[in-house]
Ligand SMILES: CC(C)(COP(=O)(O)OP(=O)(O)OC[C@H]1O[C@@H](n2cnc3c(N)ncnc32)[C@H](O)[C@@H]1OP(=O)(O)O)[C@@H](O)C(=O)NCCC(=O)NCCS
């Protein structure tokens, strides 16, 4: 649930798509020829490429929407300015045509809670590529971008891809990336799962948030165990819980025999531009006590919450989770559709230090 949040997602959309763009000065450009089929130049990602880049982002999003129909039709694309200014982005061009671009935010340190490790992150709106030769385009763009990222000291490279974009997934998988997080979505049109346990569900008021303190701590403990190994310091956990209690998300709980057995919490903000739709809420935490697991308690909670959201005018519900969290992966993918794969690669720190 804890993938890097981008403040940039909150910015208003860019919709000034123009049909062409002027090519920037090709400083340090290099050429790539495949059997005479097409010539691709890799250049710096610059402002003049932004309109064509926005168009590519929206085309790639439309492709994913064909596979995942509950994704919102109208989305707010964050501005790409920073990606053209921070010197970490590259673009692939063929003559006047933008074939692809790959930008990144960062570098940050520590990344993924690892002290002394820097990382960069390329979210959904920070890259895109045309369909034809997409694998090669992404591979060449990553080769050029990774050189910049490593020069900037970033050993950890993270990219969010569309789940059904097999070409982009193959390009990054082949180049050493593995999955870390997924985003999922469902419409709230129906929720006819069975209530398997006799549990009473309701919404928790802000005044009762401290009753979840132990469960939130247990969620943190769960994420620290194998195979997640996402361990926070006791101070960070205490701060996170205090923040949750001071400014609680919308929280639904299930009680069994008077005990709070599970909770699911939701907020408007999501982890990528598609999840910022005004008709959407995003699940940002869930926990069920181990003794109540596998009995349909969390499922009953979803069953309870979804009709309420529908009656309030929401159209969809999103969630994100670590793909290496077995309970989360199994549970969410039963009721939601996966639409992103966030993939990461860790470069040997020695290579970064000596580059
Ligand atoms: C995810 C969680 C809230 C689901 O609660 P639950 O009440 O057990 O869920 P339900 O009984 O309604 O559904 C059971 C489903 O959850 C998944 N699940 C439950 N326990 C599991 C386990 N030990 N290993 C793998 N999957 C498990 C399975 O898909 C299961 O369905 P199945 O029995 O048909 O295979 C609960 O497992 C949990 O608290 N896990 C630890 C914290 C966590 O991962 N939170 C999510 C953070 S994004």
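General observations
- With both labels modelled 7 Å from their Cα along Cα-to-Cβ, the residue 269 to residue 238 distance reads 2.4 nm.
- Proxy reagent accessibility, fewest Cβ within 10 Å first, across 214, 88: 214, 88
- Relative contact order %, the chain, counting alpha carbon pairs below 8 Å whose residues are six or more apart: 21 percent
- Calculated FRET efficiency, residue 58 to residue 94, Cβ-Cβ distance, R0 = 22 Å: about 0.65 to the nearest 0.05.
- Against the chain, whose longest principal axis is taken from its Cα atoms, helix 50-67 shows a tilt of about 50°.
- Calculated FRET value between residue 315 and residue 39, using beta carbons and R₀ = 45 Å, to 0.05: 0.50
- For the chain, the longest principal axis of the alpha carbon atoms and the long axis of helix 234-246 meet at an angle near 70°.
- Antiparallel content of DSSP bridges confined to the chain, in %, to 5: 85 percent
- Normalised contact order of the stretch 187-339, rounded percent, pairs of Cα under 8 Å and 6 or more residues apart: 31 percent
- If the segment from residue 192 to residue 167 were pulled out straight at 0.36 nm per residue, it would be longer than the present Cα-Cα gap by 5.5 nm.
- Rounded to the nearest 10 degrees, the angle from helix 134-151 to the longest Cα principal axis of the chain is 90 degrees.
- Between residue 81 and residue 218, the FRET efficiency estimated from the beta carbon spacing at R0 = 51 angstrom works out to 0.75.
- Full extension of the chain segment joining residue 226 with residue 47 gains 60.1 nm, where the gain is 0.36 nm per residue of separation less the Cα-Cα distance.
Computed from the coordinates by the stated procedures, all read-outs in this text should not be read as laboratory data. If you're wondering where the values come from, they're calculated on a predicted model, not measured in any experiment. So basically every Cβ, Gly included, is an ideal-geometry build from the backbone, and we count neighbours across all protein chains shown.
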